[in-house]
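Worksheet for the structure shown next.
Each reported figure results from applying straightforward, stated rules to the coordinates on display, with no laboratory input. Nothing here was measured: the structure is a model prediction, and the numbers come from that model. Positions of Cβ are backbone-derived with ideal geometry, glycine not excepted, and every protein chain shown enters the neighbour counts.
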Amino acid sequence: MKYAFFPGCVAKQTCPELYHSTKKVAQALNIDLVELENAACSGAGVVSQQNEALSDALNARTFAMAEKQALPIMTICSTCQGAFCRANKRLRQEPYRDKINGYLSGNGKNEGGYKGTTKIKHFLWALVEDLGIEELKKRVKRPLRNLKVASFYGCHLLRPSDALGFDNPDNPTSLEKVIDALGAEPVDYDGRTRCCGFPILLENENASMAMVSKHTLEAKEKGSDCMVTPCPLCHLNLDVQQPNAEKIARQKIGLPVLHLPQLVGLALGFSEHEMGLHKHIVPTGRVVEKAIGS
Amino acid sequence: MAEHTTFKVFRYNPETDSKPYFQSYQVPLQGGKTVLDGLNEIKGQQDGTLTYRMSCRSAICGSCGMVVNGHSKLVCRLQIAEVLKNFDEVVIEPMRNFEVIRDLVVNMDRFWDKMDKVTPWLVADEENVPATERLQSPADFNVIRDASSCIMCGVCLSDCTSLEVDSNFLGPAALAKAFRMAADSRSVDREERLLELSKEGGVWDCARCYECVQVCPKYVAPMETIMKLREMTLKADLVDNRGTRHVEHFTELVLDSGILDERRLPMKTVGLTDLKGMLHMAPTGLRMMLKGKMPLIHPHIKDVDELQRIAHKVEESK
Ligand code: SF4
Ligand code: SF4
Ligand code: FES
């Protein structure tokens, strides 16, 4: 398994624990990651609000880099995955792609442009589809037996399904399959396919924080020890902003939120420190204790 | 005997029930039966007290919106077999974000109130009234074609994540209607509309969750229309608020280093002159810094000038 690795901006800055845990877990699973070091931000569905052609051109440039190496792209962010899939859908249409390729050409750097063939997979999809759940089970060294885990997919990994096309948006199962393979117990609750509120954090903070408290409290009520998310932006709202959500909800929440590779890493035998669990805002000690009894 | 499916249906009669409950029915499953056929079967053969709205049975009247296994649908457009691909039983609840009148019937006032707020009609030039109709070219109509096909079913409001936590939000259907009117080639009040829609509860309060795009049975794609309203507002350079600053500085910062600067974007979005806003963010920033979540040096990609060259070419082509 070899991928052109697109970590995204957040894993490189405010969620460094995501970047480092991904690298370690990938290595342990023999997943070869060739980082796209010269790729630009996916635009996160924000650049496209101002200028869709620019957003698509920057992403076509990234897709072309992977295409040249004949590698699929692997992302570790629901938001990047969503932005990439939506752009790739548009770029598969010939006349449009030609127009966008026109913006890329000019100084030999993007010779040939983008041909429209790059496959883009989130780490979660790579685990389920390429590594396989059975194989993942075999690699588990330390089943997370006592742990109840609430999945939180992130909107852009599920919807619109005609661009994403992996999980069923009404009843996604990939995260639950992975949680189960790691020996933990997936928790079913309504919030798992809903919105974390990050995109309106600065525009409508009360609403954004209400989303955080609603989903974390529901997950807690259903007995979850922690949440797991494939999206660092969800992580920023659910973990980093959780103290602010507690203030507005006037209620203690205290629900740890793990990045997907961190949860996988714990089951593969990595220490909490190696997975960067000390970098979270909501303390993760109880989860580690329960999961691996250290 | 035909195969049966379990329908678990939300029941509530405020006159007799102290609280809602679920009632299970067995529905014979044959052919391409829709969830609405199933409900009709229950009402006709098993339990005449079950209350719901329906009329056209062909996704035109917009009266049969309900929540089926967690997401909102027109039940006349949804086959039971389709539901059973992902679930073992069919769980039916009234639409969310509306008050329940009885069983699966909700009070739609909230939908119409929001619709009323966006002036849901065309405001055209009243001074120069043409002798015939106000004509529109097919190309101009295409801009608003999808947004025009709303059947006002309320399904998108039922799944709207922003509306769920902020009753002030205009919501997907009304905003799609606002786009349909503002983007109409014959409209003369575009700027007024855009200004109005940039206020609290308007286009900048959408969480971009894509629920409305996913569930709309008529492919209105309300969120896409909201993004177009944002684009129109930015192009017209009409408003300076957190929403517009967020988008403008996001693009600028990406072109600056290839990697979005997560320290500078919130500051630029809130605005350096907004002292209260800056102070409000300080504790969170500090917490992040202490956890090593704020790199001191901002990284950048090697070919930043390449991004700027591309941006320049896109700009030139306009
Ligand atoms: S995308 Fe916006 S309007 Fe649509 S459901 Fe989500 S928050 Fe509501
Ligand atoms: S936008 Fe779609 S889902 Fe919303 S009311 Fe109109 S037809 Fe129904
Ligand atoms: S019955 Fe008319 S839309 Fe379903």
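Quick notes on this one:
- Rg over Rh for the range A:82-171 works out to 1.13, using Cα positions for both radii and the Kirkwood form for Rh.
- For the range B:242-316, relative contact order (Cα pairs under 8 Å, six or more residues apart, normalised by length) works out to 35 percent.
- Computed over chain B: relative contact order in percent, which uses C-alpha pairs under 8 Å that are six or more apart: 13
- P(r) weight above 47 Å for the protein assembly as shown, C-alpha pairs, percent: 15
- Shape class for chain B: prolate, because the ratio a/c of the largest to smallest gyration tensor axis (alpha-carbon atoms, square roots of eigenvalues) is 1.5 or more and a/b beats b/c.
- Prolate/oblate/rounded call for the range A:132-292, Cα gyration tensor, a/c under 1.5 rounded: oblate
- Length gained on full extension, B:Lys43 to B:Arg11: 10.2 nm, using 0.36 nm per residue less the C-alpha separation.
- Calculated translational diffusion coefficient of the range B:5-107 (20 °C, 1.002 mPa s; Stokes-Einstein with Kirkwood radius over alpha-carbon pairs) equals 157 µm²/s.
- Seen from all directions on average, the range B:242-316 presents a Cα convex hull projection of 5.9 nm².
- Residue with peak Gaussian network fluctuation, chain A [Cα springs, cutoff 10 Å], from A:Arg194, A:Arg90, A:Arg250: A:Arg250
- Listed residue pairs exceeding 23 Å between alpha carbons, taken from B:Lys177/B:Lys318; A:Lys12/A:Lys214; A:Lys2/A:Lys115: B:Lys177/B:Lys318; A:Lys12/A:Lys214
- Values of log10 I(q)/I(0), in the order q = 0.11, 0.12 Å⁻¹, for chain A under a Debye, Cα-only, solvent-free model: -0.63, -0.74
- Free-standing Cys residues across chain A, given no other cysteine C-beta under 4.7 angstrom: A:Cys9, A:Cys15, A:Cys41, A:Cys85, A:Cys226
- Radius of gyration over Kirkwood radius for the range A:2-121, both on Cα atoms: the Rg/Rh ratio is 0.97.
- Counting only DSSP beta bridges whose two residues both lie in the protein assembly as shown, roughly 45 percent are antiparallel.
- Remark: mean inter-chain Cβ contacts per residue of B:244-253 equal 4, using a 10 Å Cβ-Cβ cutoff to other protein chain atoms.
- Using C-alpha pairs under 8 Å with a sequence gap of at least 6, the mean separation divided by the residue count of chain A gives a relative contact order of 20 percent.
- Lysine pairs with alpha-carbon atoms under 19 Å apart, the range B:5-107, spacing 8 or more or separate chains: 9
- Based on DSSP H segments of at least four residues, each scored -39500 (n - 2.57), chain A has a per-residue ellipticity at 222 nm of -12500 deg cm²/dmol.
- Computed extension gain for B:Glu82 through B:Glu252, at 0.36 nm per residue and net of the alpha carbon distance, reaches 56.7 nm.
- Peptide A:190-201, shielding by other chains (average Cβ, 10 Å cutoff): 5
- Hz values of 3J(HN,Hα) by residue in the range B:276-293 - Karplus curve (6.51, -1.76, 1.60), Gly and Pro given as x: 4, x, 5, 4, 4, 7, 4, x, 5, x, 5, 4, 5, 4, 5, 9, x, 9
- Centroid-to-centroid separation of the range A:38-109 and the range B:32-101 [C-alpha atoms, Å]: 40
- Every Cα-Cα pair in the range A:1-42 was counted, and those over 11 Å apart are 65% of them.
- Cα-centre dipole for the protein assembly as shown with unit charges at Cβ (Lys and Arg positive, Asp and Glu negative), debye to 20: 1340
- Three-way shape call for the range A:72-113 based on the alpha-carbon gyration tensor, with the a/c threshold at 1.5: oblate
- Its alpha carbons give the range B:184-253 an Rg and a Dmax of 13.0, 38 Å.
- For the range B:109-235, the spread of Cα positions along the three principal axes, ordered from largest to smallest, is 47, 30, 28 Å.
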